[in-house]
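Presented below is the structure to which this report refers.
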Amino acid sequence: MKSIRAGKNVSLFAVLFASIAVPSMHAQDWFHLETSGGATRIRIAVANFKPQAGDPAAYKHTFDTTLFADLTAAGLFDIVSKDMIPQSTPGTQAEISLAQWSAAPASAAMVAFGNVGVANDRLVVNGFLDDAKNAQYPQVFAKQYNEAASDDSARQIAHRFADEIIARLGGGVSGIAETKIYYSKRTGTGKEIWEMDYDGANQHEITHLGAISISPRVSPDNSRVAFSSLGKDGFQIKMYSLLLGRLVNFTSAGGTNVSPAWAPSGQQLAFSSSRTGDPEIWISDPEGRVAHKITSFIGPDVSPTWNPKTGGQIAWISGRTHLPQLYIMDADGSGVQRLTDGGYATSPSWSPNGQFLTFAWDRKYGPGAPGGQDIYVMEIASKKWIQLTHDIGPCDFPSWSPDGRHIVFANGNGAHTRIMSMLADGTQKQALTGAGSDMPNWSWK
Amino acid sequence: MSNYATTSEERDDRFGSGLAGAIVLHLALIGGLAAVAIFEHVHTPHWGENTASIGAIQASMVSAIPLPPKAAPVKDSVLASEDVTPTPQPPPKEATQPPPKPTDVLIKAKTPTKVPKVAPIETPVPPKHPQPAPVTPKAASGDAATQLPQSVSQLKNGTAALTVQNRVFGNRYAYYLRIVANAVNQSYATYSGQADPNASMNKSVTLLFDIQRDGSIANLHVENHSGSSTLDTAALRAIQHLDNFPQLPEGDHITIEYKFDYRQQ
């Protein structure tokens, strides 16, 4: 009898408890997680490449770190940390066990792997990309690279392999691992034009003029660099051929001639010239001939940049309303539109898809005003802008990468200026150079 | 007054005897129940004490629980669908005969034997604009039944299903289609907000487009209108605003069918 009563009590208690507990459990059970766009980044694992014949250990290290850094910097992938990848180093398609890579903790959707060997002073790299989720046909592509053995070629091969992966998996835009950045670097008394890889490696001097050379702009075909140089007749546009390794002709004119900008066709150059008294935007051919003026406003007009998508529009900085503001116009000087509503805007750069402008802006300019000069991106159609840099000191001279996913800019005061790069949403900032570097320009390809 | 008192006393008496009777009855009932329960408790075998094998419960380990494989519900195929088949379009209304015009009214002539003229029945003119045809599941042809979507993604507003017409390509380059689906879904997440929720609820639009060798999009058009123009436009814009896909790993072009189901979650 007792036992039955106890049983009844228990069941009654259970029912009571359930009736109390169910609503609260119900309320807790229905939470909903949602990713911002319903889209996820591709999770990719990069295996350490397997050493083959010869003694490629030194090159292999360079290759592995460069490949990993390139894919991380691309901003496209969710990279599996090297701590989480399996211990095995598969060298060929036959050696890889994809189940190992697609399982936790790596959980990779894609695996890049291969082998590195040295034979007869040649560096031979076989690279593979596999789809870990496709057991039937895993291979996405395979590539063989064969270069003279050197640390630099190991890095270049890694760049090329990374670009190949990005081209296959990215949004149809090829990678930037093989692109260059041109910049102005303080050397003793003057400034020279320098060149480096996109990741800051391989920095070397291009010009040896012993003058102050600023604002380099490389041509769309990577054959020439236009820049502005201070000589005995003031600032003049100079043209340096990267193929010939020397200055080539560019017609000089009176006044101050600064901030050249290549049209995407490579057939025209826009720049600012004060040959008629007031600094205006001029357009000429790449030899400086048939120059014609396209702006006629009182106040300085400087820093033109072409719409790289259409070649039909120019954005520039105009001081017609006292403080410099950002404007756009058609390439014949018509259809002028003001984009910024105040502050102090400088040095615009147009995104490769023609949709955005990035520029340096001090929104609260004036004595005692808060804020500083930072990098902004504005969507031209809507004039909506976002701020990309915060609290890292003055930032200036932004320049888009050809894939439209990165921006390089100068950061710091005076002699401490260094060059930094970031993703176009302001994340993954990293310094590329030490102090004394300024005015970066990303090559077109 | 006194009369009333006596009756009430009588009533009390009757109530007292009734109460006693009820208590006795209840006690008897409880006692009976308890007796039955004890009897049951004693005489029914306890759990696990079957007389044949006392205290021995056999359990064998299995490596995995053989659950039936869970497959995503197939929307397109009537054979495998969990959903209720959509109700067919209501039968077309019978064309009513137009009212006779005054000129058509027959005046009794002298020859009543003549067959009266009947006004020709107007056949309904087909509409100028293509009408939204409801998506009818094709169960008759085996081809349509085997054509499963390559990827079905749950989005904020319903689902999006990608189908590639070239099955060989779909199997060989599954990664490529994942990239396509990812890009389209991300874009659609932005533009689906432009669809009118009231008009688009539970409707679906099917788009067809080609991806060219270089990854560009061509021949984008609406295959099956949803009946909600805002949903059609939002889906079209989602694809039109894509920059480019990666270049095709193989072949000259592929044709992609993309179906967006609009559903509020």
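The values are calculated or read from the model by the stated rules, or taken from the named source; none is laboratory data. Note that the coordinates shown come from a computational prediction; the quantities given were computed from them, not determined experimentally. Positions of Cβ are backbone-derived with ideal geometry, glycine not excepted, and every protein chain shown enters the neighbour counts.
Working carefully through the options B:ALA199, B:ALA189, find the one that is within 14 Å of chain A (Cβ to nearest Cβ) and either among the aliphatic types (A, V, I, L, M) or on the phi > 0 side of the Ramachandran plot (or both).
B:ALA189 is the lone residue from the list that is within 14 Å of chain A (Cβ to nearest Cβ) and either among the aliphatic types (A, V, I, L, M) or on the phi > 0 side of the Ramachandran plot (or both).
How do the strands (runs of 3 or more DSSP E) wholly within region A:181-245 filter down when requiring 1 or more residues that are aromatic (Phe, Trp, Tyr): which remain?
Strands (runs of 3 or more DSSP E) meeting the threshold: A:190-197, A:224-231, A:234-241.
Restricting attention to region A:141-162, and to residues there that are within 30 Å of B:ILE217 (Cβ to Cβ) and without any contact (Cβ under 8 Å) to a residue 24 or more places away in the chain, which single residue is farthest from the other protein chains (Cβ to nearest Cβ)?
A:ARG160
Can you confirm whether region A:185-192 contains a residue that is away from chain B (no Cβ under 14 Å), among the acidic types (Asp, Glu), crowded, with 20+ Cβ neighbours inside 10 Å and under 19 Å from A:MET420 (Cα atoms)?
yes
Taking A:GLN136 and the conditions (1) under 24 Å from A:PRO90 (Cβ atoms); (2) more than 9 Å from chain B (Cβ to nearest Cβ), which numbered condition does it fall short on, given that it satisfies the others?
Just one mismatch for A:GLN136, condition (2).
If you scan region A:265-290, which residues turn out to be surrounded by fewer than 16 Cβ atoms within 10 Å (Cβ to Cβ) and β-branched (Val, Ile, Thr)?
A:THR276, A:VAL290
Could you give every pair whose Cβ atoms fall below 9 Å, whose first residue belongs to region B:231-252 and is surrounded by fewer than 16 Cβ atoms within 10 Å (Cβ to Cβ), and whose second residue is in a loop (DSSP other than H, G, I, E, B), counting only separations of at least 6 or pairs across chains?
Partner pairs satisfying both residue conditions: B:PRO249/B:TYR173; B:GLU250/B:TYR173; B:GLY251/B:ASN166; B:GLY251/B:ARG213; B:ASP252/B:ARG213.
Working carefully through the options A:LYS60, A:LYS82, find the one that is among the charged types (D, E, K, R), touching a Lys or Arg at 6+ places or on another chain (Cβ under 9 Å) and either at pLDDT 90 or above or in a helix (DSSP H, G or I) (or both).
A:LYS60
Does any residue of region A:291-314 turn out to be acidic (Asp, Glu) and touching a residue at least 24 places away in the same chain (Cβ under 8 Å)?
Checked against the condition, which is being acidic (Asp, Glu) and touching a residue at least 24 places away in the same chain (Cβ under 8 Å), region A:291-314 yields at least one hit.
In region A:277-314, which residues are within 17 Å of A:SER265 (Cβ to Cβ), under 28 Å from the mean Cα position of the chain (by Cα) and outside any loop (DSSP other than H, G, I, E, B)?
Those that are within 17 Å of A:SER265 (Cβ to Cβ), under 28 Å from the mean Cα position of the chain (by Cα) and outside any loop (DSSP other than H, G, I, E, B): A:ILE283, A:PRO304, A:THR305, A:TRP306, A:GLN313, A:ILE314.
Can you work out which of the residues in region A:313-341 that are surrounded by fewer than 16 Cβ atoms within 10 Å (Cβ to Cβ) and among the polar types (S, T, N, Q) is farthest from A:ILE283 (Cα to Cα)?
A:THR321
Does B:PRO137 satisfy the criteria of being loosely packed, with under 10 Cβ neighbours inside 10 Å, assigned to a loop (DSSP other than H, G, I, E, B) and at pLDDT below 75?
Considered against the rule, which asks whether it is loosely packed, with under 10 Cβ neighbours inside 10 Å, assigned to a loop (DSSP other than H, G, I, E, B) and at pLDDT below 75, B:PRO137 comes out as no.
Whether any residue in region A:194-201 is at pLDDT below 95 and hydrophobic (A, V, I, L, M, F, W, C) is what I want to check.
Within region A:194-201 (the criterion being at pLDDT below 95 and hydrophobic (A, V, I, L, M, F, W, C)), the answer is yes, since at least one residue qualifies.
Taking the residues in region B:152-161 that are within 23 Å of A:LEU76 (Cα to Cα) and surrounded by 21 or more Cβ atoms within 10 Å (Cβ to Cβ) as candidates, determine which candidate is farthest from the other protein chains (Cβ to nearest Cβ).
B:ALA160
Residue check, B:ILE211 against (1) more than 11 Å from chain A (Cβ to nearest Cβ); (2) surrounded by 17 or more Cβ atoms within 10 Å (Cβ to Cβ); (3) out of contact with any Lys or Arg (no Cβ under 8 Å at 6 or more places or on another chain); (4) assigned to a strand (DSSP E or B), all met but one. Which one?
Just one mismatch for B:ILE211, condition (1).
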